[in-house]
Amino acid sequence: MTTWETIAAKWQAVKPRVFALVVGLAIGPLLTNYFGLQQTTSSARAQMRAGIVDAQALFCEARARLDNADPGKLDWSARSELAKKWSVLPGTTVSDSDVASACAGKLAS
């Protein structure tokens, strides 16, 4: 048996595995994305932003409840103003509208 025949025989034995590997590398990412097993950068950023806003809203709620013992009895606009007042975090000069909205929602309950 010559060297070329040995190589050809080995190639015939390995060929199905190489073909399966190539198909898996091409189709695998498409299938995992279709079934939701991958996370895009934009959705990761949105989840991170939602977590940060929720954490900041908790601080805002705690500070607002110290200012007004029962903010649930206030009307919507008064709760909104209270939330805007206390959603200004240390080190910032303006309140974040997302934090103020989340804080007002927490104060309503």
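Only the coordinates and a few stated rules stand behind these numbers; no lab work does. Predicted model, so just to flag it, every value in this text is computed and none were measured. With ideal geometry, Cβ positions are generated from the backbone for all residues, glycine too; neighbour counts draw on all protein chains shown.
Scan segment 65-82 for residues that are among the aliphatic types (A, V, I, L, M) and in contact (Cβ under 8 Å) with a residue 12 or more places away in the chain and jot them down. Once the filter is applied, which keeps residues that are among the aliphatic types (A, V, I, L, M) and in contact (Cβ under 8 Å) with a residue 12 or more places away in the chain, segment 65-82 yields L74, L82.
The criterion of at least 3 residues that are under 30 Å from A108 (Cα atoms) and over 24 Å from the mean Cα position of the chain (by Cα) is met, among helices (runs of 4 or more DSSP H) falling completely within segment 1-97, by 41-67, 76-86.
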